[in-house]
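Each reported figure results from applying straightforward, stated rules to the coordinates on display, with no laboratory input. Everything numeric here is computed off the predicted structure, so don't read it as measured data. We place every Cβ from the backbone using ideal geometry, glycine too, and count neighbours over all the protein chains shown.
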Amino acid sequence: MKFFLDTAKVEKIREFAQLGVVDGVTTNPTLIAKEGRDFQEIVKEICEIVEGPVSVEVTALDTEGMVREAREFSKLADNIVVKIPMTREGIKAVNILSKEGIKTNVTLIFSPNQGLIAAKAGATYISPFVGRLDDNGHVGMDVVGEIVTIFKNYNIETEIIVASIRHPRHVVEAAKLGAHIATIPFEVLEKMFYHPLTEKGLEIFMRDWENYLKNR
Ligand code: E4P
């Protein structure tokens, strides 16, 4: 399973990339806005740190505007993926961009049918938002499971990015279902490294080793 970092925080991307666990990055307008820096500067910096796909979202709502932004974004770096919202205008844009060889990530997917439509239009990736579904009383992972089954049934090549991840268990569930990618906030990725028994175990090993050295 591939891990993407779901952030626009350059220093966090650098930190986790050094650990060899970052296969790509996803951003969105909210994450970029939080940084309060020049958009293009952030995107270029991220694309220099990470070799894998870096998703950058359009803000136009009409097909023409989305296509224009997508063409501009794709000039920023070779690993740019253009994030397009799951709307009719967005799907029209995906259809045009896929024919131009521009990679797309259809975002704000909340149902299997939306995923299927995005894939048919030629999306490289789709992003079902599990956390936001859970927040609204649904089981986000059920949607992921259905999409995985449908894509397997028809050998659909579009990759599934499980997005809106809230906790480490979401990552385990996504992996068990066979989703290609989890895009993970750094706070969640941080938690995935730790287990209290690992810390306790290490403490015991170190204490026993010190006693051994003293009593030798
Ligand atoms: C995905 O690409 C989105 O950036 C992200 O996962 C949204 O997550 P949120 O629901 O925590 O905002």
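Do you know which residues across segment 1-21 are within 21 Å of G178 (Cβ to Cβ) and either in contact with a Gly (Cβ under 6 Å, 6 or more places away or on another chain) or β-branched (V, I, T) (or both)? Across segment 1-21, the qualifying residues are F4, V21.
Residues are listed down the side, and each one gets a yes or a no for (1) of a type in the set (V, I, T); (2) surrounded by fewer than 18 Cβ atoms within 10 Å (Cβ to Cβ):
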site	(1), (2)
G24	no, no
T30	yes, yes
K34	no, yes
I42	yes, no
C47	no, no
S55	no, no
T63	yes, no
V67	yes, no
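Of the residues that make up segment 189-203, is at least one away from the ligand (no atom under 13 Å from the Cβ), within 20 Å of G24 (Cα to Cα), out of contact with any helix residue (DSSP H, G or I) (no Cβ under 9 Å at 6 or more places or on another chain) and not polar (S, T, N, Q)? There is at least one residue in segment 189-203 that is away from the ligand (no atom under 13 Å from the Cβ), within 20 Å of G24 (Cα to Cα), out of contact with any helix residue (DSSP H, G or I) (no Cβ under 9 Å at 6 or more places or on another chain) and not polar (S, T, N, Q).
Kindly provide the set of residues from segment 132-157 that are buried (at least 17 other Cβ atoms within 10 Å of the Cβ) and under 18 Å from the mean Cα position of the chain (by Cα), ordered by number.
Narrowing segment 132-157 to residues buried (at least 17 other Cβ atoms within 10 Å of the Cβ): 133, 140-141, 143-148, 151, 156.
L133, G140, M141, V143, V144, G145, I147, V148 - these are the residues of segment 132-157 that are buried (at least 17 other Cβ atoms within 10 Å of the Cβ) and under 18 Å from the mean Cα position of the chain (by Cα).
Considering each of Y212, Y125 in turn, give the residue that is surrounded by fewer than 20 Cβ atoms within 10 Å (Cβ to Cβ) and either hydroxyl-bearing (S, T, Y) or without any contact (Cβ under 8 Å) to a residue 24 or more places away in the chain (or both). Working first, answer last.
On the way: Y125 fails: surrounded by fewer than 20 Cβ atoms within 10 Å (Cβ to Cβ).
Criteria check complete, one pass: Y212.
Among the conditions (1) of a type in the set (V, I, T); (2) surrounded by fewer than 19 Cβ atoms within 10 Å (Cβ to Cβ); (3) within 12 Å of the ligand (Cβ to nearest atom), T87 misses just one, which is (3).
Can you tell me how many residues within segment 53-66 are without any contact (Cβ under 8 Å) to a residue 24 or more places away in the chain and in a loop (DSSP other than H, G, I, E, B)? So that I can check it myself, show each step before the final result.
In the first step, residues of segment 53-66 are kept if they are without any contact (Cβ under 8 Å) to a residue 24 or more places away in the chain; the result is 60, 64-65.
Add one more test, that the residue is in a loop (DSSP other than H, G, I, E, B), and what stays is 60.
Adding up the residues that qualify gives 1.
Where helices (runs of 4 or more DSSP H) sit wholly within segment 106-161, those with at least 2 residues that are polar (S, T, N, Q) and closer than 15 Å to R88 by Cβ occupy 112-121.
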